[in-house]
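Heads up: the structure comes next, in structure tokens.
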Amino acid sequence: MVVVAGVTGLVVALSAWQEGRESPPPTPASAAPEATPDTPSGRPEPRRTPSPSASAEAPEPAPSHPVRKKVSYAFPIEGCAGSYAAEHHNYPATDIFAAQGCAFVSPVAGVVDEVGTVDRWSASDNRGADRGGKFVSVVGVDGVRYYGSHLSVVASGIRPGVRVQDGVRLGSVGETGSARGTGPHVHFGISWPGPPDQWWVRRGVVAPAPFLDAWRAGRNASPVAAVAEAERRLGPQSGECRQYC
């Protein structure tokens, strides 16, 4: 009995010891979890928020050359009927006849060049520099000078250096200067810009009638090429008045 009991107890003890060896050891609470396929370390990849600059569309690059704006032209008499001839006496220009006081407007955007607010003309001497009476000239954004004279009055605020848009009132149709007694009109001249003492250039070097026809019809005909050609031909001789001086 004693032997059996001893053997039996020994067997039970050995069996319990064997089961203890086959069971895995407990996992410590602080052990790291198994690595996931996302990261080698097992820590999940942090969420990345795109910055606004990364998600916004890139701005278009600036053009490598300045963009040329289209020049618009206006018929120089506004709000009234105007008539004119294709020819002018002695030199290329045009007299635009319209009712007294009608608006004379800038035919193009530009800068006021010269202004004459006093009528100095006298029939006794008929000085060429004074024949225009009251006048305004504008150098347009196209580089051409536009001149209107025989005005009854120069519009308020119009003075040299003032920027104007096409269609801005420069003055009013009148009969000042050598236009006295001939009926109200505007002497309209087109030329290249020049010094103020060269009034014989300012009064006109290119016939305006074809351009007036286009502007009145709403077409943007430019006198730039015609003025450049006139300057090429006449520029070397423009230092003195040679016709109807």
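The values are calculated or read from the model by the stated rules, or taken from the named source; none is laboratory data. Since the structure is predicted, the reported quantities are computational estimates derived from the model, not experimental observations. Counting neighbours? That spans all protein chains shown, and the Cβs are built from the backbone with ideal geometry, glycine included.
When Val153 is tested against the conditions (1) touching a residue at least 60 places away in the same chain (Cβ under 8 Å); (2) part of a strand (DSSP E or B); (3) surrounded by fewer than 19 Cβ atoms within 10 Å (Cβ to Cβ), the lone failure is (1).
Tallying residues that are of a type outside the set (A, V, I, L, M, F, W, C), over 24 Å from Ser238 (Cβ atoms) and either modelled with pLDDT under 95 or surrounded by fewer than 19 Cβ atoms within 10 Å (Cβ to Cβ) (or both) within the stretch 184-222 yields 5.
Among residues of the stretch 85-104 being under 24 Å from Val71 (Cβ atoms) and surrounded by 22 or more Cβ atoms within 10 Å (Cβ to Cβ), the one that is nearest to the chain's Cα centre (by Cα) is Phe104.
Can you find a residue in the stretch 165-180 that is touching a strand residue (DSSP E or B) at 6+ places or on another chain (Cβ under 9 Å), β-branched (Val, Ile, Thr) and assigned to a loop (DSSP other than H, G, I, E, B)? Checked the stretch 165-180: at least one residue is touching a strand residue (DSSP E or B) at 6+ places or on another chain (Cβ under 9 Å), β-branched (Val, Ile, Thr) and assigned to a loop (DSSP other than H, G, I, E, B). Cβ-Cβ below 7 Å, separation at least six or inter-chain, first residue in the stretch 171-195 and among the hydroxyl-bearing types (Ser, Thr, Tyr), second assigned to a helix (DSSP H, G or I): which pairs? As it stands, the answer is Ser191/Val201; Ser191/Arg202; Ser191/Val227, since those pairs meet every condition given.
Per the conditions (1) free of Cβ contacts under 8 Å to residues at least 60 places away in the same chain; (2) crowded, with 20+ Cβ neighbours inside 10 Å, the sole criterion not satisfied by Gly148 is (1). Going by what's in this entry, would Pro160 be described as surrounded by fewer than 21 Cβ atoms within 10 Å (Cβ to Cβ) and part of a helix (DSSP H, G or I)? No, not satisfied.
Scanning the stretch 205-245 for residues that are part of a loop (DSSP other than H, G, I, E, B) and under 32 Å from the mean Cα position of the chain (by Cα) yields Val205, Ala207, Pro208, Ala217, Gly218, Arg219, Asn220, Ala221, Ser222, Pro223.
Checking each residue of the stretch 118-135 against the condition of being closer than 20 Å to Ser83 by Cα and buried (at least 19 other Cβ atoms within 10 Å of the Cβ) gives at least one match.
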